[in-house]
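The block underneath contains the structure these notes are about, expressed in C-alpha cells.
Throughout, read-outs are computed from the coordinates displayed, never taken from laboratory work. It should be emphasised that the depicted structure is a prediction, and the values quoted were computed from it without experimental measurement. Glycine gets a Cβ as well: all are built from the backbone with ideal geometry, and neighbour counts include every protein chain shown.
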Amino acid sequence: MTIANEASRDKSRSPMQWDSSKNAGFTPGKPWLRINDNYKEINVEKEFLETDSLLNAYMKLIKLRKTENALSYGRYVNLNFLGGLLQFTRRYLENDIVVYISFDIQVEIMLPSQSYQVLYGKAEKNLNKNETLILKMRKNVSEAY
C-alpha cells in the first residue's frame, strides 16, 4: 500500500460529482475513493442548470471555437498584455476575432471603431476581473466586393 500510495494519484482525487443522488451519481456500488461531503451542492447536474456556471461558460466557449474558424485556425495578428488586460486578434482568411481577458480588478478597454458582433461577454468600456469579451469584426460592406 505504501508503494501504491506514493505512485498513485488517488490521494488527490475524488469521484466525479454528477448529481445529488447517493454516491454523487458516480456509482451504484461502493466507491473506491471517498465522495466529497459537498456533492449535494456542487455537482454537474446543478452546474448545468445554472446559466452563469463555469460548466456552461466552458460549453459556450467550446461551441464558439468549433464554429469560428479564426479561433481554431487563425494566426495571431497581435497579442498584448498590459495593465492586467490580455488582448489578442486571431485572423483566418478575412475574418478577425478580437479577444479581451481581464486579470485585474477592473480594466478599461478600447472597443473597436468598426462594427462588430459580440460572440461572448458584454461589450462595455470596463471589464472586471476574470471577465472575457470576444468580438467578431464585421467587414466593411464596400470592401466585401
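General observations
- GNM result for the chain, Cα springs below 10 Å: residue of D19, D37, D104 fluctuating most strongly: D37
- Helix 54-67 and the long axis of the chain differ in direction by around 50°, with both axes built from C-alpha atoms.
- The sum of -39500 (n - 2.57) across all DSSP H runs of n ≥ 4, divided by the residue count of the chain, sets its helix-only mean residue ellipticity at 222 nm to -5500 deg cm²/dmol.
- Estimated FRET transfer efficiency when R0 is 22 angstrom, pair K66-E94 (beta carbons, to 0.05): 0.65
- Estimated FRET transfer efficiency (F81, S113; beta-carbon r; R0 25 Å; 0.05): 0.65
- Choice from K30, K60, K40 showing the highest fluctuation, given a GNM over the chain with Cα pairs closer than 10 Å: K30
- Positive-pole candidate from N130, A70, I105, dipole of the chain, charges at beta carbon: A70
- Using Cβ point charges alone (K and R +1, D and E -1), the dipole size of region 70-144 about the Cα centre works out to roughly 180 debye.
- Here the peptides 84-96, 44-56 are ranked by packing, the mean other Cβ count within 10 Å, and the order with the highest first is 84-96, 44-56.
- Among L135, L33, L71, the largest mean-square fluctuation in a Gaussian network model of the chain (Cα springs under 10 Å) belongs to L33.
- Fully extending the segment from N23 to A57, taken as 0.36 nm per residue of separation minus the present Cα-Cα distance, adds 9.6 nm.
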